[in-house]
Amino acid sequence: MRAPFSRSPLLPYAEELEPLQRRALRTACLLAAVCIVAFSALDRALAPAAWLALLGLRVVAGIVLLGIERWLRSERARFEAGAALVVFVLAATLSAGTLATGGVHSSYPYSALLIVLGISILLPLRPVQAAWLHLELIGITLLPLIPLAVTREDRLALAARASFLVCGALLGIAGAHGHDVLRRREHMARAEFARHAGLVNLGTLAGGLAHELSNPLSALCAQLELLELELPVAHRDLVGDAQGSVARMRSVIEAMRRGARFSDDEQREVDLPLEIEESLVLLRGRLERRVEIVREFADLPPVRCQPTLIGQVLVNLVVNAVDAMDGRPGARIALRTLCENDQAVIEVEDNGPGVPADQRTRIFEPFVSTKGAAGNGLGLWISAEIARRHGGSLTVDAARGGGAVFRLTLPLRTPRTETPPSRTLRVVRGSEAHRGA
């Protein structure tokens, strides 16, 4: 398996909700501790004989609620366990008051609606959490009263109280669902904002870095030209190689300058196989004598896109494949082009460890990396954004023979039929892959 994910600063929805729920439950504990003791005044009016016993029970319940509030301050505390304890304490105290003030004919079960109201208003719940909290409340409140419902009047009284509690619980669950939908939409909006802010920051960084490097490279190029004039003819080939390397560096810097921009006016018709070959040229040093390159290029029409950005995606996918296969014998990368459903498809397939099924969506999120501390978690995210801005997509799946296959799809301007089975196939190993690229 590939390296585990580094932790993303933009937490998933459930993890982000947990601390908010704990803070809300702490507030609910403080309010409930005060209210549950204050209800002793009603106990004195309705059940004078049991007032002192109920007062002691309520004081103990208040102390327990304060203890739960203190426990919830710890990061190790879990909201669901705390919420279940709070509901149990409140419902059990309420049930004791009900049994002491008339059983099925007591008015105390109606006060359980206050707990339903508090759960719905004070706690940010997911629907399933609201469902089991309300079910716990109803069970503890009503189940002790069932054996006491002997006569018809008893059963009618119990049914009336149960209907109010069930309706209140259903409204609480429906409200939790509505608020949960709104919170999820807000979370998705912040994630989208983070993506766009990241692209802006990345573009600013790339532009500034390109500007700072362009001047030293220009000076180095001029110095190489002067050196070429002074060296003997036998050594000028070395200077020519150095000038070629500098030229490639300047091309990379220019790609950095434009790489984070998504302006439509830079789009033009591009031959995808040629774009793949140019991307391989930039990676010649990374691939040489390390990876077997297999090319399977089908006949495709030119695709309208921003070639610099698509080249950036291809370079990133190939580099990721090389890193995933680092140290593995028989490392192999297959590069394919094909046409499916009026879309041009580029596949980058490796025979590395692959990407587990439960991680194939997360790897396209910002700041999520499969390389641990060695990765910044931006490469695949930016690549997916580039594909989306072109009207296409970037996905990953398991390769047929093991490993991973990334599929970059780009829309074709004119409809085409499916690619015929025959493809142009070339297998090149080692440094030959780069001389032919």
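The values are calculated or read from the model by the stated rules, or taken from the named source; none is laboratory data. Please read these numbers as outputs of a predicted model, since none were measured by experiment. Virtual Cβ from ideal backbone geometry, glycine too; neighbours counted across all protein chains shown. The accessibility values were calculated without ligands, DNA or RNA, using every heavy atom of the protein model including side chains. Shrake-Rupley method; radii C 1.70, N 1.55, O 1.52, S 1.80 Å.
With +1 assigned to the C-beta of every Lys and Arg and -1 to the C-beta of every Asp and Glu, and no other charges, what is the dipole magnitude of segment 37-192 about the Cα centre in debye, to the nearest 20?
The calculated dipole for segment 37-192 is roughly 200 debye.
How big is the accessible area of ILE382 in square angstrom, nearest 10, if you roll a 1.4 angstrom probe over the protein chains?
Accessible area of ILE382: about 10 Å².
Among HIS390, HIS177, what's the order by accessible area (1.4 angstrom probe), most exposed first?
HIS177, HIS390
Solvent-accessible area of ASP271, probe 1.4 Å, all protein chains present, reported in Å² to the nearest ten, please.
That residue has around 80 Å² of solvent-accessible surface.
Kirkwood Rh over Cα pairs of segment 1-135 into Stokes-Einstein at 25 °C, 0.890 mPa s: D in µm²/s?
Values: Rh = 16.3 Å.
Rounded, D is 150 µm²/s.
Considering only DSSP states other than H, G, I, E and B, which GluC sites (Glu not before Pro) in segment 16-109 qualify as loop sites with at most 12 other Cβ atoms within 10 Å?
Here the GluC sites (Glu not before Pro) that fit, given the DSSP loop and packing criteria, are GLU75.
How much accessible surface does THR395 have with a 1.4 Å probe, in Å² rounded to 10?
THR395 exposes around 60 Å² with every protein chain in place.
Using the Cα centre as the reference, give the magnitude of the dipole from point charges on the C-beta atoms of segment 286-327 (Lys, Arg: +1; Asp, Glu: -1; all else neutral), rounded to the nearest 20 debye.
It comes to approximately 140 debye.
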